[in-house]
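Below: one structure, written as structure tokens.
Read-outs throughout are calculated quantities, based only on the coordinates presented, and are distinct from any laboratory measurement. It should be emphasised that the depicted structure is a prediction, and the values quoted were computed from it without experimental measurement. Cβ sites come from the backbone with ideal geometry, for glycine too, and all protein chains shown count toward neighbours.
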């Protein structure tokens, strides 16, 4: 059994802005189920600390940056949550108004640099056994917010002459976000000995760059994305750093937590368990139409777009094709925050096409579930996509995704050619180029399939019976943990325990289209 410390800035359902929170919480649970001794450390945002119902341990810590920062490291029980978690509690940094990554006006980068450097330092101390008697064999760091953990651990090794230290795995959930900060912070954080020899600017560096260089192993959230980021086109300026470690980068596909995303047991759907069939789907669709002010029509194809309104998610291209789509027998339900110009355009579309286009600016978890369960087609195009959880969630409910062949999409979605529909492999509509013509053409192809009930029912059934188990991902991560954890003297390395097989995926009992 290995002691594994997860470190993340997000954790479903308490702290979440996107797929990171979902992925970390689900993987953490899967690793716990697999039998390893897993713990997790999270930043003490208000949304988390206000859900603390019991404090199990409480430790005062002094963080030795150029100005010593005071905080508390607490082991707590959260409301309606079975697992204990560690929380770095410091109201000065984590209870600021605004979003969890929002900066103080006029101090760009300053707050997040200190927030996540604090989190990384605290993780290194907890992992090295400096807080309690517990120590970690492996620290699993998630995205740039935790990428300084390997450096702080190396600092600890050098300062104290340790003969043994936790191994580190850094998982890149999205390479586009790197945590840039001014170069002088290396000295402020006590990391001047780790000055990078490759920087995107002579005056700055990024947390992620340093993490990639110093972690014992690096992973991404899909096999295809692991290959793509080695290219200049998708390497976001770090392709050379990544290429230098190409043999130590592994792509492991994210999974779906079927305890949360399962139509037969979904607490957000107004249906009785085990009754999610074609009739239930139509009922949810009609309720959505009425709730959102859309024209009630059973035969009108309902399209959803529940993504962040960003350039990555091709929100600009969606905006360009709205007039063409509105000339067809379709409705669009959109939801998500994002860049101001895209938000304004979606607002205008909702006013221009009442009864046919609706836009919900504030993301809501219950509404996302109902949209996937009621919409016929899920629009989830991307210019690049590390994994792409949204189309996987949609498929659970028989909402057929329209996606671009990039990153994790290449590992999860099979195009709806006639032969693929018949042989049971098709589960979505896939296009190649990030262009207006290709996106519009793929949506129109999905609409034509929707108008052929027999083919559509087969495609929905294929989508709903696709399986993306977190147990599989946890098993692959376990192999990495064992590998990097055993890069120590043999007598210090535990014998890997017997592998617990994956729980088999149970096809949906009343899949749409099944007689």
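Arrange the peptides 456-465, 346-355 so that the one whose residues have, on average, the most other Cβ atoms within 10 Å appears first. Present the calculation step by step, with values, prior to reporting the outcome.
Numbers: 456-465: 22.3, 346-355: 15.2.
Packing proxy ranking, top to bottom: 456-465, 346-355.
Thinking of the chain as a set of Cα atoms, what percent of all their pairs are more than 37 Å apart?
Of all Cα-Cα pairs in the chain, 31 percent lie more than 37 Å apart.
Rounded to two decimals, what is Rg over Rh for the stretch 282-374 when you use alpha-carbon atoms and the Kirkwood radius?
Checking Rg against Rh, the ratio lands at 0.94.
Return the FRET efficiency for the residue pair residue 245, residue 295: r is the Cβ-Cβ distance, R0 is 41 Å, and the value is rounded to the nearest 0.05.
It comes out at approximately 0.15.
Between residue 425 and residue 311, what is the label-point separation in nm under the 7 Å Cα-to-beta-carbon projection?
3.6
Under the classification rounded if a/c is under 1.5, otherwise prolate if a/b is larger than b/c and oblate if not, where does the stretch 1-50 fall, given a ≥ b ≥ c as square roots of the Cα gyration tensor eigenvalues? All intermediate terms of the calculation are to be shown ahead of the outcome.
Details: a/c = 2.66, a/b = 1.74, b/c = 1.53.
It comes out prolate by the Cα gyration axes.
Put a dot 7 Å past each Cα toward the Cβ at residue 448 and residue 157; how far apart are the dots in nm?
Each label point is offset 7 Å from its Cα along the Cβ direction, giving 5.9 nm.
Under the 0.36 nm per residue contour assumption, what length would be gained going from the current alpha-carbon distance of residue 434 and residue 91 to full extension? All intermediate terms of the calculation are to be shown ahead of the outcome.
On the way: separation 343, 0.36 × 343 = 123.48 nm, distance 4.29 nm.
Fully extending the segment from residue 434 to residue 91 adds 119.2 nm.
Just to confirm the number: angle between the C-alpha axis of helix 19-34 and the first principal axis of the chain, 0 to 90 degrees, nearest 10?
So the helix axis and the longest Cα principal axis differ by about 70 degrees.
Kirkwood Rh over alpha-carbon pairs of the stretch 149-278, then Stokes-Einstein at 25 °C and 0.890 mPa s: what D in µm² s⁻¹, rounded to an integer?
Roughly 141 µm²/s, to the nearest whole number.
Write down Rg/Rh for the stretch 278-464, rounded to two decimals, with Rg from the C-alpha atoms and Rh from the Kirkwood relation over Cα pairs.
Values: Rg = 14.9 Å, Rh = 16.1 Å.
Here Rg/Rh amounts to 0.93.
Please give the contour-minus-distance gain from residue 72 to residue 203: 0.36 nm per residue of separation, less the Cα-Cα distance, rounded to one decimal in nm.
43.9 nm
Order of 379-389, 50-60 by packing, highest average Cβ count within 10 Å first?
Order by mean packing, descending: 379-389, 50-60.
Taking the 0 to 90 degree range and rounding to the nearest ten, how far is the long axis of helix 453-464 tilted relative to the main principal axis of the chain, both from C-alpha atoms?
Relative to the chain, helix 453-464 is tipped by roughly 10 degrees.
Give me the one-decimal nm value for the distance between modelled label points at residue 327 and residue 51, 7 Å along each residue's Cα-to-Cβ direction.
Between residue 327 and residue 51, the simple spin-label model gives 4.7 nm.
Rank the residues 253, 234 as a footprinting-exposure proxy: fewest other Cβ atoms within 10 Å of their Cβ go first.
234, 253
Using a 7 Å offset from Cα along Cα-Cβ at residue 286, what residues in the stretch 295-314 end up with backbone N under 16 Å from the label point?
Once the point is set 7 Å along Cα→Cβ of residue 286, 295-302 turn out to lie under 16 Å by backbone N, inside the stretch 295-314.
Angle check, please: helix 436-450 long axis (alpha carbons) against the longest principal axis of the chain (alpha carbons), in degrees 0 to 90, nearest 10.
60
Quick check: from the Cα gyration tensor, does the stretch 5-158 come out rounded (a/c under 1.5), prolate or oblate?
Working: a/c = 1.41, a/b = 1.11, b/c = 1.27.
Since a/c stays below 1.5, the shape of the stretch 5-158 is classed as rounded.
Using packing as a proxy for protection, rank 180-186, 257-263, 149-155 so that the peptide with the highest average count of other Cβ atoms within 10 Å comes first.
Details: 180-186: 17.3, 257-263: 19.0, 149-155: 24.6.
Packing proxy ranking, top to bottom: 149-155, 257-263, 180-186.
Between residue 340 and residue 182, what length in nm is gained on full extension when 0.36 nm per residue of separation is reduced by their alpha carbon distance?
Roughly 54.2 nm would be gained on extension.
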